[in-house]
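Read through the structure below, which is laid out as structure tokens, and then see the notes.
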Amino acid sequence: MSNFKSLPGFREFYPEAFAERRFLFQVWRQVARRFGFQEFDGPVLESLELFKAKSGDEIESQLFCFEDKGGREISLRPELTPTLARMVAAKGNALKRPIKWFSIGDNFRYERMQKGRLRCFTQLNADILGEAGPAAELELISLLIQLIQGFGLGKEDFFIRLSDRNLWMLYLEAQGFESETSKILEIVDKWERMPDEVACEKLSAIAGDRGEALQASIGGFLKVSNLAELSNAFKTVSGGADMGEALQARIDDWSTLLDGFDAMGLSGFVEMDLSIVRGLAYYTGFVFEAFDRAKSNRAIAGGGRYNNLIKKMGGPDMPAVGFGMGDVVLADVLKERGIMPKFVDTIDAYMVIGGEAERAVALADANALRQSGFSVDYPLKTSGFGKQFKMASASGARVALIYGSEELEKGVVKLRDMTDRSEEEVPRERLILALRDRLR
Ligand code: HAM
């Protein structure tokens, strides 16, 4: 056993685990391409300033940051969104809109470790920039649904909780708390895990003697699960009626989005749930998270609209919406349901070599076959036939190629099909064609 251990929260991928990871990435990539998204990436190391300013307090406390040898304050990226925003801002209006980009890459957060939370994890990010209307949300959330369906999960397994920071703003503004919205939403973000007394205490620190009333009105708003209930909730608060026009415009956006889900046959996947407000500081409108219906896992994915970030990065005024999906929770869900495939790396052919005299011929053929695109392996040391056939089986090869002295004297190679054990002799010069036929 080595004295050295990997750091807590950093995984090692032995080949079987690596194959699972490759599988996740393949599905992510295929589905994102189906929706016309283009792949990109940015640096994993950035200036600390980028995340301090943009990601918000919670992430700031989790940064893997340090000073480099040039005295720069730098940080591993905890998320991709600030980098994406900077990259788009740098090109200004030169990029053709809408911009539909995706990326698969590692992120680093110094988190308290728990189920579904590591310190290095891989995220798929998908973002649409340059579209202000809910058509962008529809496109992204339908992508998110197909991504999860791509792993064999259905309506009965997962769902999207859809919420809206705009509605929260209007609701809090109606009650006169427009300058305290971020602080209040931070409390709402932790509502499910927070005892009532603690919530009341925190709200009273913001709203004084109106703390209890605010707690009750938040409690009521959190129960809203459709647009009719939403209008009613506004009627119950003091300044609700003043929000008429703005509220109606927002209800229209919701209707457009919900009608879109209907048209795509996706309504069964989406639930209105105002308890989702998202911890990151830059979100401005619709926000959403994907969850396992059993709710035993943390969010599979989360995202939302962030209309101000590109401008804050010095770019044009450009609306944006996107989400990130991590590999950790997703793999947990697939394993819990027993639908993570078992992967075995196989090859086309394994060579069984009679002795040193036959090795040179076998090596020449191995090289030629590999150059023609076959995957081929052979024993690095000469040993008995029995042992070599065992190695051929263990390699998962479809075919064993036998290079014995008798065969080579006749100018042939014996080809053994490892599935049905049938054998044929093939002239060496026809080997490539024969192998291609056999593997077809
Ligand atoms: P986020 O909610 O912080 O959003 O992360 C999105 C997903 O990444 C989570 O739902 C979870 O699956 C995974 N994840 C986050 N932290 C960890 C962790 N420590 N260990 C394992 N998995 C984790 C964002 O990162 C936003 N930047 C997403 C976004 C893109 N918004 C707009 N565009």
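All of the numbers you see were taken from the coordinates with simple rules; none came from a lab. What you see is a predicted model, and the numbers here were worked out from it, not measured in a lab. Positions of Cβ are generated from backbone atoms using ideal geometry, with glycine treated the same way; all protein chains shown enter the neighbour counts.
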**Complete:** In the neighbourhood of ARG416 defined by beta carbon distances under 12 Å, the net charge of the other residues (Lys, Arg +1; Asp, Glu -1) is -2
**Percentage, to the nearest whole number, of Cα pairs in the range 60-177 over 22 Å apart** = 58 percent
**Item:** Longest to shortest principal axis, alpha-carbon extents of the range 349-439, angstrom
**Value:** 29, 27, 24
**Prompt:** If all Cα-Cα distances of the range 150-208 are sorted into 5 Å bins from 0 onward, what percent lands in each bin, rounded to whole numbers?
**Reply:** 4, 15, 20, 18, 14, 8, 8, 6, 5, 1, 0
**FRET efficiency estimate (nearest 0.05) - Cβ-Cβ, ILE347 to GLU429, R0 25 angstrom** = 0.65
**Message:** Tell me the net charge near LEU162. Cut-off is 10 Å between Cβ atoms, LEU162 excluded, with +1 for each Lys or Arg and -1 for each Asp or Glu.
**Reply:** -4
**Fill in**
The answer for the per residue Cα convex hull volume of the range 124-171, in Å³, is 101 Å³
**Item:** Helix-only mean residue ellipticity at 222 nm for the chain, each DSSP H run of n ≥ 4 adding -39500 (n - 2.57), per residue, nearest 500
**Value:** -13000 deg cm²/dmol
**Asked** With N residues in the range 149-274, what two-decimal value do you get for its Cα radius of gyration over 2.2 N^0.38 Å?
**Response** 1.18
**Request:** Calculate the spin-label point distance for LYS295 paired with ASP106, positioning each point 7 Å from the Cα along the beta-carbon direction, and give it in nanometres.
**Result:** 3.5 nm
**Asked** Ranked by Cβ crowding within 10 angstrom, fewest neighbours first, how are PHE374, PHE102 ordered?
**Response** PHE374, PHE102
**P(r) of the range 23-82 over all Cα-Cα pairs, binned every 5 Å from zero, in whole percent** = 4, 16, 22, 15, 12, 13, 12, 5, 1
**Request:** Take THR284, THR81, THR382 and order them by how many other Cβ atoms sit within 10 Å, fewest up front.
**Result:** THR382, THR284, THR81
**Message:** Using +1 at the C-beta of Lys and Arg and -1 at the C-beta of Asp and Glu, which of PHE291, PHE159, PRO341 has the Cα lying farthest in the positive direction of the dipole of the chain?
**Reply:** PRO341
**Request:** Give, rounded to the nearest 20 debye, the magnitude of the charge dipole that the range 349-439 has about its Cα centre when Lys and Arg contribute +1 at Cβ and Asp and Glu contribute -1 at Cβ.
**Result:** 320 debye
**Asked** Along the range 114-123, what does the Karplus equation 6.51 cos²θ - 1.76 cosθ + 1.60 (θ = phi - 60°) give for ³J(HN,Hα), rounded to whole Hz, x for Gly and Pro?
**Response** 7, 4, x, 10, 10, 9, 10, 9, 9, 10
**Prompt:** Just for the Cα atoms in the range 1-137, what are the lengths along the principal axes, largest first, rounded to whole Å?
**Reply:** 54, 40, 26
**Request:** For the pairs LYS155/LYS295; LYS91/LYS312; LYS155/LYS335; LYS190/LYS335; LYS155/LYS235; LYS183/LYS223, note any where the Cα-Cα span goes beyond 23 Å.
**Result:** LYS190/LYS335; LYS155/LYS235
**Item:** Cα-based convex hull volume of the range 40-117 per residue, rounded to whole Å³
**Value:** 120 Å³
**Item:** Amide N of the range 412-435 lying under 14 Å from the label point, which is placed 7 angstrom from the Cα of ALA364 along Cα→Cβ
**Value:** 412-413, 428-431
**Request:** Could you pull out the GluC sites (Glu not before Pro) across the range 12-90 that fall in loop regions by DSSP (anything but H, G, I, E, B) with no more than 16 other Cβ atoms inside 10 Å?
**Result:** GLU12
**Request:** Neighbouring Cβ atoms within 10 Å as the yardstick, rank ASP41, ASP345 fewest first.
**Result:** ASP345, ASP41
**Item:** Cα-centre dipole for the chain with unit charges at Cβ (Lys and Arg positive, Asp and Glu negative), debye to 20
**Value:** 1180 debye
**Asked** How much length is gained on full extension from ASP196 to SER179, taking 0.36 nm per residue of separation minus their Cα-Cα distance?
**Response** 3.8 nm
**Item:** ARG11 versus LYS115: modelled label distance in nm, points set 7 Å from Cα along the beta carbon direction
**Value:** 1.6 nm
**Fill in**
Computed over the chain, the convex hull of the Cα set has an average projected area, in nm², of 29.2 nm²
**Fill in**
Kirkwood-based Rg/Rh on the Cα set of the range 268-326 evaluates to 1.04
**Prompt:** Please identify the trypsin sites (Lys or Arg not before Pro) of the range 42-140 that satisfy two criteria: DSSP loop assignment and at most 11 other Cβ atoms within 10 Å. Which are they?
**Reply:** LYS69, LYS96, ARG112, LYS115
